[in-house]
1. Of everything in the stretch 269-283 that's surrounded by fewer than 18 Cβ atoms within 10 Å (Cβ to Cβ) and touching a residue at least 12 places away in the same chain (Cβ under 8 Å), which residue is farthest from Ala232 (Cα to Cα)?
2. Which ones in the stretch 152-170 are in contact (Cβ under 8 Å) with a residue 60 or more places away in the chain and more than 15 Å from Phe82 (Cβ to Cβ)?
3. Looking only at the stretch 24-42, which residues are touching a helix residue (DSSP H, G or I) at 6+ places or on another chain (Cβ under 9 Å), in a helix (DSSP H, G or I) and surrounded by fewer than 19 Cβ atoms within 10 Å (Cβ to Cβ)?
4. Every residue in the stretch 229-257 that is closer than 21 Å to Arg172 by Cβ and touching a helix residue (DSSP H, G or I) at 6+ places or on another chain (Cβ under 9 Å), please.
5. Does Asp313 satisfy the condition of being surrounded by 14 or more Cβ atoms within 10 Å (Cβ to Cβ), at pLDDT 85 or above and in contact with a Lys or Arg (Cβ under 9 Å, 6 or more places away or on another chain)?
6. Go over the candidates Asn89, Asn80 one by one and state the one that is within 13 Å of the chain's Cα centre (by Cα), modelled with pLDDT of 95 or more and over 20 Å from Cys143 (Cα atoms).
7. Checking Asn152 against (1) crowded, with 22+ Cβ neighbours inside 10 Å; (2) polar (S, T, N, Q); (3) closer than 30 Å to Thr217 by Cα, which test does it fail?
8. Within the stretch 244-288, work out how many residues are aliphatic (A, V, I, L, M), under 19 Å from His78 (Cβ atoms) and at pLDDT below 85.
Amino acid sequence: MPKPRKRPTIRDLAEAAGTSVSTVSFVLNGTWQKHRTNPETAERVLALAAKLGYQANQRARALRLGRSSLAGMIIPHHRNRFFAGLVENFESEARARGLVPIVVSTQRNPEIERQVAAKLVMQEVELLVVAGVENPSDINRLCHNKGVRCVNVDLPGPDAFSVVTDNFGGARDLTRRLLEGLEPTARAIFLGGREHEYATDRRIEGFLAGMREAGRTAGEADIVRCGYSPVAAHDALSKLLNDTGSPPLAMLVNSITAFEGFATFWRDRPDLAGNVRVACFDWDPFAACLPVKTIMLRQDVENLIKVCFSCFDGEEDRAGEISVVPPRLIIDGLGPEYE
């Protein structure tokens, strides 16, 4: 069995190029012009590096330069377009700054969140985006103590800069449209989310504000915090049916995963769910294919991430500050997309 090929070192590259190790280092880290290296030498080094398959030892490079070139991100999961969109834009912004993105999902498990954050910090990530973590303070303080810049997205915390969607305004606007032309006696509910969670609380406030504007009231039984899983949303709707004998005629759903629960409920009981009007604080274009009146709100993932990196690019400590980004797009299943 042939021996594995030895990986070329920076000394091998210098010898092949007929120059010094320091000159090769200047070329590889992009500072050769500053050190007045001959352009022909720089070209020769780069060509030989590609030919020999030279790859820098990132750990040694981190020690030498005092930086790792790694950018970390924690998300709950990759299942919906909101978090997937955040990841895609995070990776793009990180690469534009010469950083290698590392993204880890934690399934909304606080212990996994803490473990992942600790390991990313041990790897000396240069920055960390904490998305969808309900109580990010422990992670924020860990980053602060280790000198890692940290930003919260979606759910804020007092110990770091946070970027969130306008949850109140978005939910109020969805509720306004949800109630248009609906009979005054028709019941409307809020479905999904957790107790004492920032985003859910603000969306419920927006829902209640929209109800008041329409001259309606919502009781405690009309706020159904069943979490985010499709199964929990389906079960909550089934229970509501058992308790009342008929489903509500309008509902504001807190997330696309809870909306999946509504979709399976509609599949199981189309006789009851077929006349329900639905608004969702999330977006998936396939939802418009359902034969149910559906209004959806698209969060502006592009600007959420841009605001994160504007904080990273600056020098100011903005811990405790919350930047609110308006939703960018609303989808109406009965009409075209509009800004």
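1. Just the residues of the stretch 269-283 that are surrounded by fewer than 18 Cβ atoms within 10 Å (Cβ to Cβ), to begin with: 269-272, 274-275.
From what's left, touching a residue at least 12 places away in the same chain (Cβ under 8 Å): 269, 272, 274-275.
On the way: Arg269: 16, Leu272: 18, Gly274: 20, Asn275: 21 Å.
Among residues in the stretch 269-283 that are surrounded by fewer than 18 Cβ atoms within 10 Å (Cβ to Cβ) and touching a residue at least 12 places away in the same chain (Cβ under 8 Å), the one farthest from Ala232 (Cα to Cα) is Asn275.
2. Pro156, Pro158, Asp159, Ala160, Phe161, Ser162, Gly169
3. Selection gives Leu28, Thr41.
4. Pro248, Ala250, Met251, Leu252, Val253, Asn254, Ser255, Ile256
5. Against the criterion (surrounded by 14 or more Cβ atoms within 10 Å (Cβ to Cβ), at pLDDT 85 or above and in contact with a Lys or Arg (Cβ under 9 Å, 6 or more places away or on another chain)), Asp313 does not qualify.
6. On the way: Asn80 fails: modelled with pLDDT of 95 or more.
The match here is Asn89.
7. (3)
8. Going through the stretch 244-288 one residue at a time, the tally reaches 1.
The values are calculated or read from the model by the stated rules, or taken from the named source; none is laboratory data. From a predicted model like this one, the values you see are computed outputs, not experimental measurements. Cβ coordinates were reconstructed from backbone atoms using ideal geometry, including for glycine residues, and neighbour counts include every protein chain displayed.
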